[in-house]
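**Student:** Below is one structure. I have some questions about it.
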């Protein structure tokens, strides 16, 4: 099956710094990628939809200036957590449908990035 | 209103026994897909099984089967012959096709513990 990678897998940073998380589709092109956030022992919540060549679409309640998304190419989307604070500590997961294959029955998820803000 | 409801926060099952994890959904879209994912402690989301709203037969993938009851809007996951490695969080999710959104909406999850 298709593979989605994320980097880094784990990051610890100081409060006030910015952190960039990369999501790559390794063997397919993705015009759309999704960013989810998961708090401990909770479900995945969609944060935003990353669109190649256009602005990201953010879910209600997600600060677009806080969580910057750039879909630089058909295989790369980045999420930058700006001026991170302890409450931004979470597990961030990206996913991508195989857009060129049309209506596939599977969403491909990256392995996730665990962010800890001290 | 919750689009995906998983009413079992935790479940226990004996090794080699079968277990059913419940999932109900709510949508007005005639075209949708239902997914089950397994999330072990490592955090990765492992795809288990998919059921399309127009599929006539219940989906099966090895030891996993989906009991799809469209009129009741339920999509329960059945795991047969449980193994210790099945212990994990299980999430039911839905993708609504007609609205053009291809992101998934997840339920709250069920933690399954398989006992020897």
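**Student:** Within the range B:14-33, track down each residue that is assigned to a strand (DSSP E or B) and modelled with pLDDT of 95 or more.
**Tutor:** B:14, B:19, B:20, B:21, B:24, B:25
**Student:** Could you please find all residues in the range A:96-118 being in a strand (DSSP E or B) and modelled with pLDDT under 95?
**Tutor:** Across the range A:96-118, the qualifying residues are A:96, A:108, A:109.
**Student:** Moving on. Taking residue A:93 as the residue in question, decide whether it is in a strand (DSSP E or B), more than 9 Å from chain B (Cβ to nearest Cβ) and surrounded by 16 or more Cβ atoms within 10 Å (Cβ to Cβ).
**Tutor:** Here the answer is no, as residue A:93 does not meet what is asked.
**Student:** Just to be sure before I move on: is residue A:62 assigned to a loop (DSSP other than H, G, I, E, B), within 14 Å of chain B (Cβ to nearest Cβ) and modelled with pLDDT under 90 in the structure I sent?
**Tutor:** Against the criterion (assigned to a loop (DSSP other than H, G, I, E, B), within 14 Å of chain B (Cβ to nearest Cβ) and modelled with pLDDT under 90), residue A:62 does not qualify.
**Student:** Of the residues A:84, A:30, which is under 30 Å from residue B:23 (Cβ atoms) and either surrounded by 14 or more Cβ atoms within 10 Å (Cβ to Cβ) or in contact (Cβ under 8 Å) with a residue 60 or more places away in the chain (or both)?
**Tutor:** That would be A:30, the only listed residue that is under 30 Å from residue B:23 (Cβ atoms) and either surrounded by 14 or more Cβ atoms within 10 Å (Cβ to Cβ) or in contact (Cβ under 8 Å) with a residue 60 or more places away in the chain (or both).
**Student:** Further, regarding this structure: Restricting to the range A:14-33, and then to whatever is away from chain B (no Cβ under 11 Å) and in a strand (DSSP E or B), can you tell me which residue is farthest from residue A:81 (Cα to Cα)?
**Tutor:** A:25
**Student:** Hey, another quick one. Keeping to the range A:34-56, report how many residues are facing chain B (nearest Cβ under 8 Å), closer than 16 Å to residue A:97 by Cβ and over 11 Å from the mean Cα position of the chain (by Cα).
**Tutor:** Number satisfying all stated conditions: 1.
**Student:** A further question on this structure: Restricting to the range B:84-112, count the residues that are away from every other protein chain (no Cβ under 14 Å) and more than 16 Å from the chain's Cα centre (by Cα).
**Tutor:** 2
**Student:** Which one of the conditions (1) away from chain A (no Cβ under 14 Å); (2) over 25 Å from residue A:111 (Cα atoms); (3) surrounded by 13 or more Cβ atoms within 10 Å (Cβ to Cβ); (4) modelled with pLDDT of 95 or more does residue B:81 fail to meet, given that it meets all the rest?
**Tutor:** Of everything listed in (1) away from chain A (no Cβ under 14 Å); (2) over 25 Å from residue A:111 (Cα atoms); (3) surrounded by 13 or more Cβ atoms within 10 Å (Cβ to Cβ); (4) modelled with pLDDT of 95 or more, residue B:81 misses just condition (3).
**Student:** Looking only at the range B:1-60, filter to residues that are exposed (fewer than 14 other Cβ atoms within 10 Å of the Cβ) and at the interface with chain A (Cβ under 9 Å from one of its Cβ atoms); which one of those is farthest from residue A:8 (Cα to Cα)?
**Tutor:** B:46
The values are calculated or read from the model by the stated rules, or taken from the named source; none is laboratory data. Since we're looking at a predicted model, the values are computed, not measured. FYI the Cβ positions are ideal-geometry reconstructions off the backbone, even for glycines, and counts take in every protein chain you see.
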